[in-house]
Amino acid sequence: MRIAVMGSGGLGGFFGGRLARGGADVVFVARGAHLAALRADGLTIESPEDPFVLPTVQATDDPASIGAVDIVLFTVKLWDTEAAARAIVPIVGPGTAVLSLQNGVQKDDMLRPILGDAPLMGAIAQIATTIARPGVIAQTGTMQRLVFGEFDGSRSARAERFLAACLAGGIKAEIATDIRREIWQKFVFLVGLSASTCATRSPIGPVRRNPHTRALLLGLMEEVVAVGRGHGVALADDFAADRLAFIDTLPDGMVASMFHDLAAGRRLELPWLSGGVVDLGATVGVPTPLNRTVRDILVLHAEGRPA
């Protein structure tokens, strides 16, 4: 398969590297020092489970130079979505699948006005990664999972081909029959983790042990479940409690990527996480006071620290 990775940071770099190692024809779209390192030294994946090095990779800062591809892994930050979507228009052919691995549940709706419905295949990624230094992606922990599927629930030929490419690269991947529900299920967990750790400036261990912050964490996720159900998503009534039990199994030091962005003074994806819960809740009349409070606490940091 020909695969373009639009945004080759921690997420795109990791999964793109695995796909390339498995034999796929992968081109990484990157910029700056990271692009220079990929061109000069290839891609290094640091992982507690399966580290590896690709001495040579294809990398560019111009998606239009790639030509039509079978798959686009779309992994840019949410605020770059529209510009990045326009940039990949030249490489999206009649059968191309575009898989957004971005956070939130509004991501595909942001792509539709630019790319249309046909290319979009729903997807989620579950992994903790970061750019350790230019050309080097570090995986923290051992969890890695990629779930994708057509929005109409069909098991398409292009999904089957991509599944085969993922498995060849050692990716724990599966095709979902209800990808919209999978996206919302991840959203429940992500909002709970990001909102609770960022609001308290603490990793998940202390948050889940203190009875007050534990109740906050559960309440944040319960609001997301209620909003999802209000939008017709088949989430179980007790799904927030299920996610809390899962969070109890995570390492004490676990935080969301937004926690790292907040600590570093970078721009936050807050408008699409707790802010997204508030906005989506308002459209179906579901109150979201906890997520609204977190949004309002963090909003002064949402654009990052001034340079």
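The values are calculated or read from the model by the stated rules, or taken from the named source; none is laboratory data. It should be emphasised that the depicted structure is a prediction, and the values quoted were computed from it without experimental measurement. Cβ coordinates were reconstructed from backbone atoms using ideal geometry, including for glycine residues, and neighbour counts include every protein chain displayed. Note: areas computed on protein heavy atoms with side chains; ligands, DNA, RNA excluded. Shrake-Rupley method; radii C 1.70, N 1.55, O 1.52, S 1.80 Å.
A few notes on this one:
- Accessible area per residue, Å², the chain with all protein chains present, probe 1.4 Å: 41
- Rounded to the nearest 20 debye, the dipole size of the stretch 136-270 about its Cα centre is 360 debye, using +1 on the Cβ of Lys and Arg and -1 on the Cβ of Asp and Glu.
- In terms of its C-alpha gyration tensor, the stretch 60-102 comes out oblate, because a/c is 1.5 or above while a/b does not outweigh b/c.
- Using alpha-carbon coordinates, inclination of helix 211-230 to the longest axis of the chain, degrees: 70
- Relative intensity, log₁₀ I(q)/I(0), of the stretch 17-84 from a Debye sum that treats every alpha carbon as a point, q = 0.14, 0.15, 0.19, 0.26 Å⁻¹: -0.48, -0.55, -0.87, -1.34
- When all alpha carbon pairs of the stretch 17-141 are counted in 10 Å bins from zero, the resulting P(r) reads 12, 42, 37, 10, 0 %.
- Straight-line cross-link partners of K172 among the lysines, defined as a Cα under 18 Å from its Cα and at least 8 positions apart when in the same chain: K186.
- The stretch 201-284: C-alpha gyration tensor shape, a/c 1.5 cut-off, then a/b vs b/c: oblate
- Shape category assigned to the stretch 164-307 from the gyration tensor of Cα positions, a/c cut at 1.5: rounded
- Each of P306, V136, V5 was scored by the projection of its Cα onto the charge dipole of the chain, and the greatest displacement toward the positive side belongs to P306; charges sit on the C-beta of Lys, Arg, Asp and Glu.
- Across the accessible surface of the chain, with the other protein chains kept in place and a 1.4 Å probe, carbon and sulfur atoms take up 54 percent.
- Helices in the chain, meaning DSSP H runs of at least 4 residues, each add -39500 (n - 2.57). Divided by all residues, the mean residue ellipticity at 222 nm is -13500 deg cm²/dmol.
- Test item: Cα-centred dipole of the stretch 213-290, Lys/Arg +1 and Asp/Glu -1 on Cβ, debye: 220
- Positive-end residue of L120, G95, A241, charge dipole of the chain with Cβ unit charges: A241
- Cross-link partners of K77 among aspartates and glutamates, defined as those whose alpha carbon lies under 14 angstrom from its own and excluding same-chain residues fewer than eight positions apart: D108, D261, E269, E303.
- Assigned charges on the beta-carbon of Lys, Arg, Asp, Glu; the chain dipole about Cα centre (debye): 440
- Just so you know, the averaged projected area of the alpha carbon convex hull for the chain sits at 14.8 nm².
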